[in-house]
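The values are calculated or read from the model by the stated rules, or taken from the named source; none is laboratory data. From a predicted model like this one, the values you see are computed outputs, not experimental measurements. When we count neighbours, we look across all protein chains shown, and the Cβ atoms used for this are built from the backbone with ideal geometry, even at glycine.
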Amino acid sequence: MGKSMDGTAPAKQRMAQQDIAKGIAILVVLVVHTMSLPTVFYNRFMACLGYVLPFFFFMSGYNYRPHRASYAENIRKRARQLIVPFLVYTIGVGVVMGAYLILRGEATLRQVSLSIVQTLLTRYTFVLFGVTIDYSMTLYVLMAPFWFLQYMMVGYLIFYAVADYALENMGRFASVNGCLIGVTMILEAFGLHLPWGIDVAPAIASFMLFGALFGQHRVLHSGTTRTRYVVLNAVVAFAICLVLGLMHPLAGMMIAGRIAWQLGPWEVPLTLLMSILSSYTLNNVGRLIDRIPVVNGLLGWIGRNTLPILLLHQSFAQLISDVTGFKKGSNMMEEGTVETMDWSQLALYVLMLILVCVYVWLWGKCKSAIMRKRSASK
């Protein structure tokens, strides 16, 4: 493909390369979720991959352009993309799987109801007010895969409120980002965990702002197209990211759900740096893979369907875990153990996998209907 008049890749090519980069990132997530290593090696390996979720937050702002839509229009769009799928999944899984657990005598109606409420409000709502509830951990885990959509939505609420102002000039950009990063650092210094990720949402919004700034100047898709220089850019950026991860294990605060755990305040700016470096790395790799037929199409498709793939993967991985009897250690701190297969749990996850497949199928149908409606309106 050619280049545009300003020396950057055409819009369609840029989007294709971004999809490839997202496809690579979600494959990294799948590897992390399924692999098993002794804890000391696992933690070091994870330290090298702490950039994955920060990358997604950074890229969420990359294609933003100031003043193209009102705050309300932007929020409505993101609510349809994030909150609607989250609510449908959470309530659907809560009702169906909750009914199954009730019929098997493994949960009560009260426990099922509280599990759904806790998922919707996040568990930190109850921790904040010192309330202990009797909920079903099994059901809560089944509903948990979309937890990050709540955090991302709160990040968007802040991002869209400040983006147009912050992107006017570098002085405003620096002051706004300093405030956002500073707020999260202060809250984490005091160990405050707030509902819906409110404590880390300012940092998420900052990552999005940096993405928007880079996007304005097409930093990730401009400059040389020579293969050796693209490779060199990707390798150097990843090497720096790797050094940061190894010097500060688990540095990426979004790594493997770590956004929901205790952070150190200085992990916040370090994660911002990792989000920039990883985005530069993955997008340069995307530029290279875009030249490889078949592979570019496959990774691009994965990048456009990250959430359904993540859902299917987690359900399938849990099913395989039950069939093989291998249980991964919790919170990356324990070695995996092999247990006797629990047939009741196997039935639970088979049902869950079927439910997720139905959800993904309906999701695809809805997306297709929306795209057809948009095409017809044009």
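For the reader, a short list of remarks on this structure follows.
- Of all residues in the stretch 50-79, those satisfying the criterion of being in contact (Cβ under 8 Å) with a residue 60 or more places away in the chain, surrounded by fewer than 21 Cβ atoms within 10 Å (Cβ to Cβ) and assigned to a loop (DSSP other than H, G, I, E, B) are ASN63, ARG65, PRO66, HIS67.
- Figure legend. Inter-residue proximity from the stretch 177-189: first residues within 12 Å of GLU267 (Cβ to Cβ), second residues at pLDDT below 95 and not in a helix (DSSP H, G or I), beta-carbon distance below 7 Å, spacing 6+ or different chains. Indicated pairs: THR184/ASP199; THR184/VAL200; MET185/PRO265; GLU188/ASP199; GLU188/LEU263; GLU188/GLY264; GLU188/PRO265; ALA189/PRO265.
- Those residues of the stretch 184-223 which are outside any helix (DSSP H, G or I) and either over 17 Å from GLN18 (Cα atoms) or modelled with pLDDT of 90 or more (or both), in sequence order: PHE190, GLY191, LEU192, HIS193, LEU194, ILE198, ASP199, VAL200
- Number of positions in the stretch 66-85 that are of a type in the set (Phe, Trp, Tyr) and at pLDDT below 90: 0
- Scanning the stretch 267-318 for residues that are outside any helix (DSSP H, G or I) and over 26 Å from VAL235 (Cβ atoms) yields a single hit, ASN305.
- Pairs meeting the criteria (first residue in the stretch 7-22 and surrounded by fewer than 23 Cβ atoms within 10 Å (Cβ to Cβ) and modelled with pLDDT of 80 or more, second residue among the β-branched types (Val, Ile, Thr) and in a loop (DSSP other than H, G, I, E, B), beta carbons under 9 Å, at least 6 apart or on different chains) are lacking.
- Boolean, LEU82 is farther than 23 Å from CYS366 by Cα, buried (at least 16 other Cβ atoms within 10 Å of the Cβ) and under 17 Å from the mean Cα position of the chain (by Cα): no
- Filter pass, GLY171 being at pLDDT 90 or above and not aromatic (Phe, Trp, Tyr): yes
- Inter-residue pairs, beta-carbon under 9 Å, first more than 14 Å from SER60 (Cβ to Cβ) and in the stretch 206-226, second at pLDDT below 80 and of a type in the set (Ser, Thr, Tyr), 6+ apart: ARG218/THR8; HIS221/THR8; SER222/THR8; GLY223/THR8; GLY223/TYR229
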